[in-house]
Amino acid sequence: MNLRRIEAFLAVADARNISRAAAQIEVAQSVVSRHVAALESQLGCRLFERTGRGVALTQAAERLAPRLRAAIEEMQRATGEAAEIGNEPSGVVRLGVVPSAARPLVGLLHQRLAARHPRIALQFVEGFSNPLEEMMADGRIDLAVVNRFGRMARRGEEKLCTIDSMVIGAPGAFRPGQELSFRQLAERPLVLAMRPNALRVALDLPSKKAGVQLRVAVESDSLLIMKDLVVQSGLFTVLPRQAVHEELSLGLLSAARLVKPTVPRTLSLVSSVKRPGSAATRAVARELRDIVQRELVRSAWR
């Protein structure tokens, strides 16, 4: 079976849209359409039905997609294992990162790997902890950097660092070194991530203990939108310092440490417990650990 046809089929299956699939695999839309049509002709069945917003998978495609995806992943693992014989890690590593840790972690990691392990190809996925954990369970990513609040790390996890949660406001909303209690937080209009979200759960218990209810004015799963609402609309949010370290240093945002109680978050590295990681995956994990503990915690995220 033609690998280019499989690649095009899987891209459309993921994107549910031929034009977005074409952009994802960097070929013309007409090429994707031809590959899909050729695969349908080869199989003797329809794989997609057109809808108003894109395409929908037929029953045949629903059954075929996970099997072909697993076959491609097995080929990639086999290629990586063969390369390991020469003691040079290689292959594709899919890394999920929570938005609050993406900068400058992603850029630093790419620089490290380009210099030390040029045969490793990275694929980055940004998302909140819960969606990333689902992707890890489904085998769609190999590693994930996620947030943990007040619970022990589970199997396949290791602690990278622990950082206090901060209340983030517009410039001048807080003075340097200021602290804010939960009762004071409840007096302010907030923009927070949509449920289910680990931070929302972590804020529920201390809110109940303090006898207050947080005023969530807006919900958003976009860190960029959260920051914009804080600046433009006078809302507040709760984030770790590393999520806004650049804005704080430039005076574009201000922050107060959340206390009484504090809500510390642990940045954890999650790996798959279903299958052993490749040499490339282990190399990426080592570089991640070193970057966070030796560079970021001591400088940018401090």
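The values are calculated or read from the model by the stated rules, or taken from the named source; none is laboratory data. Computed from a prediction, not measured in an experiment: that's the story for all the values here. When we count neighbours, we look across all protein chains shown, and the Cβ atoms used for this are built from the backbone with ideal geometry, even at glycine. The area values use the complete protein model at the heavy-atom level, side chains included, leaving out ligands, DNA and RNA. Shrake-Rupley method; radii C 1.70, N 1.55, O 1.52, S 1.80 Å.
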**Message:** Given the criterion buried (at least 19 other Cβ atoms within 10 Å of the Cβ), touching a Phe, Trp or Tyr at 6+ places or on another chain (Cβ under 6 Å) and on the phi < 0 side of the Ramachandran plot, identify the matching residue among Val93, Val55.
**Reply:** Val55
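Residues to consider are Ala217, Ala283, Ala279; find the one that is aliphatic (A, V, I, L, M) and touching a Gly at 6+ places or on another chain (Cβ under 8 Å). First the steps, then the outcome.
Working: Ala217 fails: touching a Gly at 6+ places or on another chain (Cβ under 8 Å); Ala283 fails: touching a Gly at 6+ places or on another chain (Cβ under 8 Å).
Exactly one residue qualifies, and that residue is Ala279.
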**Fill in**
So the helices (runs of 4 or more DSSP H) completely within the stretch 178-276 holding 2 or more residues that are of a type outside the set (Val, Ile, Thr) and open to solvent by less than 30 Å² (accessible area, probe 1.4 Å) are 182-185, 198-210, 223-233
**Message:** Go through (1) under 19 Å from the mean Cα position of the chain (by Cα); (2) at pLDDT 80 or above; (3) among the small types (Gly, Ala, Ser) for Ala255 and report which single condition fails.
**Reply:** (1)
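If I ask for residues that are among the charged types (D, E, K, R) and under 18 Å from Val297 (Cβ atoms), which ones from the stretch 99-116 would you list? I'd like the intermediate steps shown before the answer.
Taking the stretch 99-116 as the starting set, the residues that turn out to be among the charged types (D, E, K, R) are 103, 112, 116.
Arg103, Arg112 - these are the residues of the stretch 99-116 that are among the charged types (D, E, K, R) and under 18 Å from Val297 (Cβ atoms).
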**Asked** If we keep just the residues of the stretch 188-215 that are touching a residue at least 40 places away in the same chain (Cβ under 8 Å) and of a type in the set (Val, Ile, Thr), which is farthest from Val263 (Cα to Cα)?
**Response** Val191
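Being of a type outside the set (D, E, K, R), in a helix (DSSP H, G or I) and on the phi < 0 side of the Ramachandran plot is true for just one of Ala115, Ala121. Which residue is that? Reasoning before the result, please.
Details: Ala121 fails: in a helix (DSSP H, G or I).
Checking each option against the conditions leaves just Ala115.
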**Fill in**
Of (1) open to solvent by 10 Å² or more (accessible area, probe 1.4 Å); (2) over 18 Å from the mean Cα position of the chain (by Cα); (3) under 24 Å from Leu296 (Cβ atoms); (4) not aromatic (Phe, Trp, Tyr), Glu158 satisfies every one except (2)
